[in-house]
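Some notes on the structure that comes next.
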Amino acid sequence: QVQLAEFGGGLVQPGGSLRLTCSVSRIAFSNYGMAWYRQAPGKQRELVASITDGGITDYADSVKGRFTISRDNAKKMVHLRMNSLKPEDTAVYYCHIEGTEVWGQGTLVTVSS
């Protein structure tokens, strides 16, 4: 069974930075696109950033220039570097294997002073 484990969330002040990591096991990781989604309280889950198996990235307009998605195929990990965080970035962030129904359990990011 494919497993995803996310970590790196936490409480950060506005303007601060965090790096989320998703570790993937039991799948040919390098063959799949990966994505980070987020869900804020009372809102629908939304796509934050994605990276194809070939390393092409895409971002939601709200995070362009602030967030960077990257992948390490050797370690089977995908990262989300988040800079200049804003209170509206507060959400549970989920890792997702594109083209599958596989999701991580989520990691909470809270941006507050």
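The values are calculated or read from the model by the stated rules, or taken from the named source; none is laboratory data. Model, not experiment: these values are computed from the prediction. Here the Cβ is made from the backbone with ideal geometry for all residues, glycine too, and neighbour counts use every protein chain on show. Quick note on the areas: whole protein, heavy atoms, side chains included, nothing else; ligands and nucleic acids left out. Shrake-Rupley method; radii C 1.70, N 1.55, O 1.52, S 1.80 Å.
Results, tabulated for the structure shown:
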item	result
Per DSSP, loop trypsin sites (Lys or Arg not before Pro) in region 56-109 with at most 13 further Cβ within 10 Å	LYS64, LYS75
Whole-Hz ³J(HN,Hα) from phi, Karplus 6.51 cos²θ - 1.76 cosθ + 1.60, for region 99-104, glycine and proline x	x, 10, 9, 8, 10, x
Proximal lysines to LYS64, defined as alpha-carbon separation beneath 23 angstrom and excluding residues fewer than eight positions away on the same chain	LYS43, LYS86
Region 50-98, accessible surface, carbon-and-sulfur percent (1.4 angstrom probe)	47
Filtered GluC sites (Glu not before Pro), region 39-113: DSSP coil and at most 10 other beta carbons within 10 Å	GLU101
GNM flexibility winner over the chain from GLY54, GLY42, GLY99 (Cα, springs under 10 Å)	GLY42
By accessible area with a 1.4 Å probe, ligands and nucleic acids excluded, highest first: order of TRP103, TRP36	TRP103, TRP36
Gaussian network model of the chain, Cα within-10 Å springs - most flexible of ASP72, ASP89, ASP61	ASP61
